[in-house]
1. Yes or no: region 174-194 includes at least one residue that is under 18 Å from the mean Cα position of the chain (by Cα) and of a type in the set (G, A, S).
2. Can you find a residue in region 55-63 that is crowded, with 19+ Cβ neighbours inside 10 Å, in contact (Cβ under 8 Å) with a residue 24 or more places away in the chain, out of contact with any His (no Cβ under 9 Å at 6 or more places or on another chain) and farther than 18 Å from T320 by Cα?
3. Filter region 277-300 for residues that are more than 16 Å from V133 (Cβ to Cβ) and either under 12 Å from the mean Cα position of the chain (by Cα) or crowded, with 24+ Cβ neighbours inside 10 Å (or both) and give the result.
4. I want to confirm something. Restricting to region 187-226 and keeping residues that are among the basic types (K, R) and assigned to a helix (DSSP H, G or I), which single residue is modelled with the lowest pLDDT?
5. Closer than 27 Å to A215 by Cβ and part of a loop (DSSP other than H, G, I, E, B) - does that describe any residue in region 266-286?
6. Looking only at region 148-166, filter to residues that are assigned to a loop (DSSP other than H, G, I, E, B) and modelled with pLDDT under 95; which one of those is nearest to K197 (Cα to Cα)?
7. When region 315-355 is examined, which residues are found to be part of a loop (DSSP other than H, G, I, E, B) and either at pLDDT below 95 or not hydroxyl-bearing (S, T, Y) (or both)?
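The values are calculated or read from the model by the stated rules, or taken from the named source; none is laboratory data. This structure is a prediction, so every number in the text was calculated from the model and none was measured. Here the Cβ positions follow ideal geometry from the backbone for every residue, glycine too, while neighbour counts run over all protein chains shown.
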Amino acid sequence: MLKSSVAKSLLSRGTIPLVGQRSASAVAQADIFKPLKYGGKYTVTLIPGDGIGAEVSNSVKEIFKADNVPIEWEQVDVTGVGSSEEAFHESVLSLKRNKIGLKGILFTPVERGGHSSFNVALRQELDIYASLVLIKNVPGVPTRHDGIDMCLIRENTEGEYSGLEHQSVPGVVESLKIVSKYKSERISRFAFEFALKNNRKKVTVVHKANIMKLADGLFRRTVQEMGAEYPTITTNDMIVDNASMQAVVHPQQFDVLVLPNLYGSILSNIGAALVGGPGLIPGCNIGREVAVFEPGCRHVGLDIKGRNQANPTALLLSATMLLRHLGLDTHADRISKSIYAVLAEGKVRTPDLKGTSTTSEFTKAVLDHMDAY
């Protein structure tokens, strides 16, 4: 039995897209690893991340404090800039202990000889195998396309992100892409169970099986085989380059997409651009024993670090998904409704949404609206 718990309807289809309406697990039979309360409060690991991480994390902490959310933060300051091995191991131990975390994005160096991605390493270390990214139009944020409502589910622990590279001879590098039947089945089951319990009608597997006939062929075939167990859900497949084009031209056709790691990263960034940018996209990563909630689209924001210009929406909405995971629906409703009310009004907008408001001003506007709920 898979030991993960996911809130039902993480993004509703209503006029105001409330993130994360609570119900039974989307994967497991019971909340086996639900975090425990101590003294009436949950202890949650907080990893602010690099760049704008500290600023948007402070926004979450301020709003949670104002709403008397029963959470104690256990903060671990991991960074991808320079050496942070000790803090990384501390974060792993903290998540193993608390079973739940809120995390910003960690910087990953590109240069040769740099450490491997801490984001990837954390998921592999804790077997946080399923990434869920929610892409939906936000009322008040004008975009080229309307009616976008799709969920991207990607396998987190293998594929192109296996991290296995070597130079066989000088000037020739081999990078191994690992695809296994077991992990393909696991992510497929997650996707179909999520679709079933959230009244989703179609699951699309995105692949490159026309070229990688064995690796992506196995992934595609496994999803299709799993789909046969869910006759009420339509299963189709699409080659990744066509899926990228279709996402830009006609994104409304997509419902739930299940993808290997790299394709999921690419499509989530395309999706973010379609609905207003990475500052609006919530997400979570679910494992057998640990759940980590973090923005669904990678945006470190090193260029605006410390300028009080960051949009905290993505991390705030990810935090409301965390609240629903804990069964704290009342707090999640009040906070998410307030966030969407501020965005719908359009009076307080951070620079990424073509506004001039600061992170602090956006946070204050959310706090002011919370009294109405």
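1. There is at least one residue in region 174-194 that is under 18 Å from the mean Cα position of the chain (by Cα) and of a type in the set (G, A, S).
2. The answer is no; no qualifying residue exists.
3. The answer is V290, and nothing else.
4. Of the residues in region 187-226, the ones among the basic types (K, R) are 189, 197, 200-202, 208, 213, 220-221.
Now drop any that are not assigned to a helix (DSSP H, G or I), which leaves 189, 197, 220-221.
Values: R189: 97, K197: 94, R220: 98, R221: 98.
By that ranking, first place goes to K197.
5. The initial filter retains those residues of region 266-286 that are closer than 27 Å to A215 by Cβ, namely 266-272, 283-286.
Filter again for part of a loop (DSSP other than H, G, I, E, B), leaving none.
The answer is no, given that none of the residues of region 266-286 is closer than 27 Å to A215 by Cβ and part of a loop (DSSP other than H, G, I, E, B).
6. The first filter runs over region 148-166 and keeps only residues assigned to a loop (DSSP other than H, G, I, E, B), leaving 148, 156-158.
Checking which are modelled with pLDDT under 95 leaves us with 156-158.
Details: N156: 22, T157: 24, E158: 26 Å.
The qualifying residue nearest to K197 (Cα to Cα) is N156.
7. Here is the first cut: in region 315-355, the ones part of a loop (DSSP other than H, G, I, E, B) are 326-328, 346-350, 354-355.
Hits for region 315-355 are L326, G327, L328, G346, K347, V348, R349, K354, G355.
Every residue, every condition in (1) in contact with a Ser or Thr (Cβ under 6 Å, 6 or more places away or on another chain); (2) more than 17 Å from I153 (Cβ to Cβ), yes or no:
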site	(1), (2)
I266	no, no
G271	no, no
E289	no, yes
C297	yes, no
D303	no, yes
N311	yes, yes
A314	no, yes
T320	yes, yes
K337	no, yes
